[in-house]
Amino acid sequence: MITGIKGFNDILPGEVERWQHIEATARRVFGLYGFAEIRIPILEKTDLFRRSIGDTTDIVEKEMYSFVDKGENAVTMRPEGTASVMRAYIEHKLYAQDPVAKLYYMGPMFRYERPQKGRYRQFHQIGAEVTGVTDPKVDAQVLTMLCHFFAELGLSEPTLQINSLGCPECRPVYRETLKTFLRERLDQLCDDCKRRYETNPLRALDCKSAHCKEATAGAPAMLDHLCAGCDDHFAATRRHLERAGTIYAINNRMVRGLDYYTRTTFELVTGLLGAQSAVAAGGRYDGLIADLGGPAISGIGFAMGVERVALLLGGQEFARRPDLFIAALGGESQDEAFRLMCGLQRLGVSVEMDYEGKSLKSQMRRSDKFNARFTLIIGGDELVNGKAVLKAMDTGTQGDVVLDPAVIAEQIR
Ligand code: HAM
């Protein structure tokens with residue numbers, strides 16, 4: 001038997017309905033905020049991710065599915081969507097008429113991580129990006145939309161945490177301040193953080209290791225070292241969030257694992273998924289479009305992990321019930337049931353029947369399994385009379401109905 005690859009999952013019927021519900025809710029809510037869908041390829045040039053996510057990040061250093069294709073091109077299966085969306089935005093000059101674009105996407109992403117609950121090698125994101133607005137109203141709007149999406153799903157978790165990572169003016173200064181603090185505690189840090197001390201010292205702040213947590217307690221915070229512009233931007237973002245009625249907490253140790261972020265960063269976190277606490281995350285990336293060769297246009301966005309959202313939705317039932325199950329006794333009745341089924345399906349009614357003419361008992365068991373809203377039982381007498389009993393399964397009420405698809409469809413609606 002050939003099995004699937006570790007960390008790559010099938011999403012089977014029964015589960016897929018939950019996914020469809022999540023996707024449909026995202027499309028509906030994002031539509032209210034004026035977002036249009038963009039579909040981006042799964043394979044991109046490796047350089048795109050190196051340049052955007054950053055060479056010293058875990059994703060680029062350790063997790064990318066990169067290979068050389070038959071044409072000797074270095075390509076990578078996308079580990080995230082933002083870089084591709086911005087590549088498309090620049091390549092197709094979407095900014096030419098209007099720099100402001102509101103785009104959303106959904107689909108599989110690939111990272112070679114250690115698979116566990118909520119963490120997979122092929123996982124799925126639903127993401128949204130806004131370009132061309134630096135005003136903090138848009139930061140608040142993007143966060144409000146994300147919280148609105150979770151509220152529409154009926155989830156009270158996750159909760160929103162925000163931070164600011166400053167800009168190319170204030171972050172390097174803060175970085176040196178943090179390095180000075182860490183220098184004296186270097187031997188207490190985990191090997192990863194020791195290694196990243198020169199290249200990416202901020203990561204020590206959100207490292208999960210207990211030693212790093214202890215060593216960095218009382219470390220200087222970016223929020224206390226923002227330049228005036230970033231400080232104003234963060235304060236205004238907070239005011240707009242309050243105006244929008246969006247509840248948040250400040251987490252001044254949030255760092256994010258991708259290098260392109262500037263200013264506002266955020267995570268929607270939950271305590272319900274064990275080690276995988278981030279259900280959605282994102283932030284502002286005001287330098288990315290220019291770094292990728294485009295004009296100096298700002299951006300902000302987020303992505304959620306669909307597997308994690310589905311886990312939070314838990315056992316809720318999303319499977320679609322068929323409208324009607326037709327049970328039929330005998331060959332002729334089976335043929336009549338088949339004719340009715342085809343006619344009804346064309347009229348937009350979802351119908352199931354037993355194709356193999358099993359016993360009535362077995363057909364009724366199947367009907368129970370489908371949990372159809374109505375059942376119709378056709379035997380010899382019904383064929384002769386041209387009528388059968390249509391039963392509403394939830395209420396138990398029943399009545400005769402003529403064996404005509406249009407009449408049955410009318411009764412069911
Ligand atoms: P990220 O934090 O790397 O950000 O991923 C966003 C979300 O994807 C995470 O919060 C998590 O729910 C989900 N996720 C990440 N890795 C895995 C995995 N291995 N298995 C399951 N779920 C996972 C980004 O990707 C940015 N592009 C977000 C963004 C958009 N920033 C600005 N715009």
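The values are calculated or read from the model by the stated rules, or taken from the named source; none is laboratory data. Being a predicted model, the structure only gives us computed values, none of them experimental. Cβ sites come from the backbone with ideal geometry, for glycine too, and all protein chains shown count toward neighbours. When the accessible area is computed, the model is the full protein with side chains, heavy atoms only, and any ligands, DNA or RNA have been set aside. Shrake-Rupley method; radii C 1.70, N 1.55, O 1.52, S 1.80 Å.
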**Members of segment 1-31 that are of a type in the set (A, V, I, L, M, F, W, C), open to solvent by 40 Å² or more (accessible area, probe 1.4 Å) and touching a residue at least 12 places away in the same chain (Cβ under 8 Å)** = ILE5, PHE8
**Complete:** Of the conditions (1) surrounded by fewer than 16 Cβ atoms within 10 Å (Cβ to Cβ); (2) under 20 Å from GLU307 (Cα atoms); (3) not small (Gly, Ala, Ser), the single one that GLU242 does not satisfy is (2)
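Criterion first (in contact (Cβ under 8 Å) with a residue 12 or more places away in the chain, within 21 Å of GLY293 (Cβ to Cβ) and near the ligand (Cβ under 8 Å from one of its atoms)) does ALA128 satisfy it?
Working: in contact (Cβ under 8 Å) with a residue 12 or more places away in the chain: yes; within 21 Å of GLY293 (Cβ to Cβ): no; near the ligand (Cβ under 8 Å from one of its atoms): yes.
It is false that ALA128 is in contact (Cβ under 8 Å) with a residue 12 or more places away in the chain, within 21 Å of GLY293 (Cβ to Cβ) and near the ligand (Cβ under 8 Å from one of its atoms).
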**Message:** Scan segment 286-303 and tell me whether some residue there is more than 16 Å from the ligand (Cβ to nearest atom) and touching a strand residue (DSSP E or B) at 6+ places or on another chain (Cβ under 7 Å).
**Reply:** no
**Message:** Scan segment 113-121 and tell me whether some residue there is in contact with a strand residue (DSSP E or B) (Cβ under 6 Å, 6 or more places away or on another chain), within 12 Å of the ligand (Cβ to nearest atom), in the same structural domain as GLY274 (by TED's automatic domain parsing) and in contact (Cβ under 8 Å) with a residue 40 or more places away in the chain.
**Reply:** yes
**Message:** Testing SER84 on (1) of a type outside the set (Val, Ile, Thr); (2) in a helix (DSSP H, G or I); (3) open to solvent by 60 Å² or more (accessible area, probe 1.4 Å), one condition comes back false. Which one is that?
**Reply:** (3)
**Prompt:** So which of LEU32, LEU43 is away from the ligand (no atom under 15 Å from the Cβ), within 21 Å of the chain's Cα centre (by Cα) and within 19 Å of GLN122 (Cα to Cα)?
**Reply:** LEU43
**Complete:** Okay, helices (runs of 4 or more DSSP H) sitting entirely in segment 94-196 with 1 or more residues that are hydroxyl-bearing (Ser, Thr, Tyr) and under 26 Å from the mean Cα position of the chain (by Cα), I get 136-152
**Request:** Could you tell me whether any residue of segment 52-62 is basic (Lys, Arg) and under 25 Å from SER277 (Cβ atoms)?
**Result:** yes
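Somewhere in segment 182-198, is a residue within 16 Å of the ligand (Cβ to nearest atom) and either out of contact with any helix residue (DSSP H, G or I) (no Cβ under 7 Å at 6 or more places or on another chain) or in contact (Cβ under 8 Å) with a residue 40 or more places away in the chain (or both)? Give the derivation first.
Filtering segment 182-198 down to residues within 16 Å of the ligand (Cβ to nearest atom) leaves none.
So far as segment 182-198 goes, no, none of its residues is within 16 Å of the ligand (Cβ to nearest atom) and either out of contact with any helix residue (DSSP H, G or I) (no Cβ under 7 Å at 6 or more places or on another chain) or in contact (Cβ under 8 Å) with a residue 40 or more places away in the chain (or both).
Results for (1) surrounded by 12 or more Cβ atoms within 10 Å (Cβ to Cβ); (2) assigned to a helix (DSSP H, G or I); (3) within 16 Å of the ligand (Cβ to nearest atom); (4) under 36 Å from the mean Cα position of the chain (by Cα), shown as yes or no for each residue.
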residue	(1), (2), (3), (4)
VAL309	yes, yes, yes, yes
GLY315	no, no, no, yes
ALA327	yes, no, no, no
PHE338	yes, yes, no, no
MET364	yes, yes, no, no
**Fill in**
Across (1) over 30 Å from ALA244 (Cβ atoms); (2) open to solvent by 50 Å² or more (accessible area, probe 1.4 Å), TYR95 clears everything bar (1)
**Request:** Just name the residue that is most open to solvent (accessible area, probe 1.4 Å) out of those in segment 245-271 that are over 22 Å from the mean Cα position of the chain (by Cα) and within 16 Å of the ligand (Cβ to nearest atom).
**Result:** ARG253
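Take the conditions out of contact with any Asp or Glu (no Cβ under 8 Å at 6 or more places or on another chain) and assigned to a loop (DSSP other than H, G, I, E, B) and apply them to LYS70. Does it pass?
Details: out of contact with any Asp or Glu (no Cβ under 8 Å at 6 or more places or on another chain): yes; assigned to a loop (DSSP other than H, G, I, E, B): yes.
Judged against the criteria, LYS70 is a match.
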**Message:** Here are the criteria: (1) closer than 28 Å to CYS227 by Cβ; (2) open to solvent by 10 Å² or more (accessible area, probe 1.4 Å); (3) out of contact with any strand residue (DSSP E or B) (no Cβ under 9 Å at 6 or more places or on another chain). Tell me which single one GLN141 does not satisfy.
**Reply:** (3)
